[in-house]
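This report refers to the structure that appears directly beneath it.
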Amino acid sequence: MEGKAYYVNKPKVELHVHLDGSFRPETILHFAKKRQIKIPADTVEELLNITSYDKPLSLTEFLAKFKFFMPAIAGDITPDDVVDLVNQGLREGEKAFNIKARSILCCMRHMPNWSLEVVELCKKYQNDTVVAIDLAGDESLNLEAAPGHRMAFEEAVRCGIHRTVHAGEVGPPSVVREAVEVLKAERIGHGYHTIEDPHLYKELLNNKMHFEACLWCSYLTGACDPDFTKHPVIQFMKDKANYSLSSDSPLILRSTLNTDYDIAAKYMGLTEDEFKRVNINAAQSSFLPEKEKEELVNELYEAYDMVGTKGH
Ligand SMILES: [Zn+2]
């Protein structure tokens, strides 16, 4: 048997993981039973068979997986209740596991009418676990035709709420440009297709824009060439781009963050030094308050034996 890879027990910073893509199957079954909500599975295995998959599907098919189990989880509670309860859970988790966990409230591209409510919730819970607003979903939907998103992100800028946007995952570089220029994104969710526009890519490299890369997810959503040795993250690595690795949706992808590290080590040539750099990138690009961010960065330097080494 092979020994554990060196990164398995190292602390990791994950910036991009969807709560609704991360439930344990047991939790879904528990609440479906408790609330007497019908879902098309009775056992963990049956549930995993309908919610997860291991060969590439389209992003739309990926997103369709959520409708099988979300009725059991979301139930009949208000968005405000959801944020409040998630915050309570994250605070408990921070203590129980000695980690830092913050939440980002995510708007959906096909639901522009929700976005203003989302930003209001970001404001209400701004100093209480919620750190940012995000936008996810079908990148082919025209942002101009959905002013709700732009208005919500403008309000976020005005109120000092951080911003990240899913862009250039399956969509073209123009969606990334729009995220940066119109929505004032400080980080890009995925962003792989940015490299197809060398001018934009160079601009974002110069501005140290952070890319939240999710390797196994990009394979299963068909976002990139299925050959990992041709993945845009290899370009990010060569160019010393500011990027990190995240799992995105462990339930749907039947994965953990280590799955992404395994892929990066095995097929993409990420070295121990690069994993250090990736985690320090993530900490520095996190939306923690400055003081906490500094503490986290210091902890990482210590954990990766880089005390006193600056620059990345
Ligand atoms: Zn995502």
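The values are calculated or read from the model by the stated rules, or taken from the named source; none is laboratory data. Treat the numbers as computed from the prediction; the structure is a model and nothing was measured. Every residue, glycine among them, receives a Cβ derived from its backbone with ideal geometry; neighbour counts consider all protein chains shown. Just so you know, the surface numbers come from the protein's heavy atoms only, side chains and all, with ligands and any DNA or RNA stripped out. Shrake-Rupley method; radii C 1.70, N 1.55, O 1.52, S 1.80 Å.
Take GLU92: with every protein chain present and a 1.4 Å probe, its accessible area is about 130 Å². Listed values for the range 98-103 are Karplus-derived 3J(HN,Hα) couplings in whole Hz (6.51 cos²θ - 1.76 cosθ + 1.60, θ = phi - 60°), namely 6, 10, 10, 9, 10, 10, and x replaces Gly and Pro. Taking every protein chain into account, the 1.4 Å probe leaves VAL86 with about 40 Å² of accessible area, to the nearest ten. Think of it this way: in the chain, CYS106, CYS107, CYS122, CYS159, CYS224 stand alone, with no other Cys Cβ under 4.7 Å. A Förster distance of 22 Å, applied to the separation of the beta-carbon atoms of GLU299 and LYS208, puts the FRET efficiency at 0.55. Scanning residues 5 or more positions from CYS107 or on other chains, those with amide H under 5 Å from its amide H are ASP134, LEU135, ALA136, with H placed 1.01 Å from N in the peptide plane. The distance between label points at ASP80 and ASP54 comes to 4.6 nm (points 7 Å beyond Cα on the Cα→Cβ vector). Derived scalar couplings between HN and Hα for the range 88-93 equal 4, x, 5, 4, 4, x Hz in order, rounded to whole Hz, by the Karplus curve 6.51 cos²θ - 1.76 cosθ + 1.60 (θ = phi - 60°), x for Gly and Pro. When you restrict to C-alpha pairs under 8 Å that are six or more residues apart and normalise by the size of the range 19-303, the relative contact order lands at 16 percent.
Taken along the Cα-to-beta-carbon direction at a fixed 7 Å, the label points for ASP225 and SER140 span 2.4 nm. Here the range 1-34 and the range 72-121 have alpha carbon centers that stand 18 Å from each other.
Is the range 189-306 rounded, prolate or oblate when judged by the Cα gyration tensor, a ≥ b ≥ c being the square roots of its eigenvalues, rounded requiring a/c under 1.5 and prolate requiring a/b larger than b/c? If you can, show how the numbers build up before the last one.
On the way: a/c = 1.64, a/b = 1.24, b/c = 1.32.
Cα axes put the range 189-306 in the oblate bin.
In angstrom, the C-alpha Rg and Dmax of the chain are 19.0, 56. Pairs spanning more than 18 Å between alpha-carbon atoms, out of LYS12/LYS184; LYS202/LYS238; LYS208/LYS230; LYS12/LYS293: LYS12/LYS184; LYS208/LYS230. Summarising the label geometry, the points placed 7 Å from Cα in the beta-carbon direction at LYS95 and THR27 lie 1.8 nm from one another.
In Å², what does the accessible area per residue of the range 19-303 work out to with a 1.4 Å probe? Before the final figure, lay out the partial values.
Values: 13590 Å² over 285 residues.
That works out to 48 Å² for each residue.
If R0 equals 45 Å, the separation of the Cβ atoms of GLU196 and LYS34 corresponds to a calculated FRET efficiency of about 0.40. Charged neighbours of PHE228, selected by a Cβ distance under 12 Å, balance to -2 (K, R count +1; D, E count -1).
As a test of reading the structure, rank GLU203, GLU45 by solvent-accessible area (1.4 Å probe, protein chains only), most first.
On the way: GLU203 60, GLU45 100 Å².
Putting GLU203, GLU45 in descending order of accessible area: GLU45, GLU203.
Measuring nothing but how far apart in sequence close Cα pairs (under 8 Å, 6+ apart) lie, relative to its length, the range 54-147 scores a relative contact order of 27 percent. Cross-link partners of LYS67 among aspartates and glutamates, defined as those whose alpha carbon lies under 13 angstrom from its own and excluding same-chain residues fewer than eight positions apart: ASP20.
Taking all protein chains together and a 1.4 Å probe, the residues ASP273, ASP305, ASP227 rank ASP305, ASP273, ASP227 from largest to smallest accessible area.
Hey, if we sort LYS4, LYS184, LYS12 by accessible area with the 1.4 Å probe, largest down, what's the order?
On the way: LYS4 150, LYS184 100, LYS12 55 Å².
These residues rank, largest area first, as LYS4, LYS184, LYS12.
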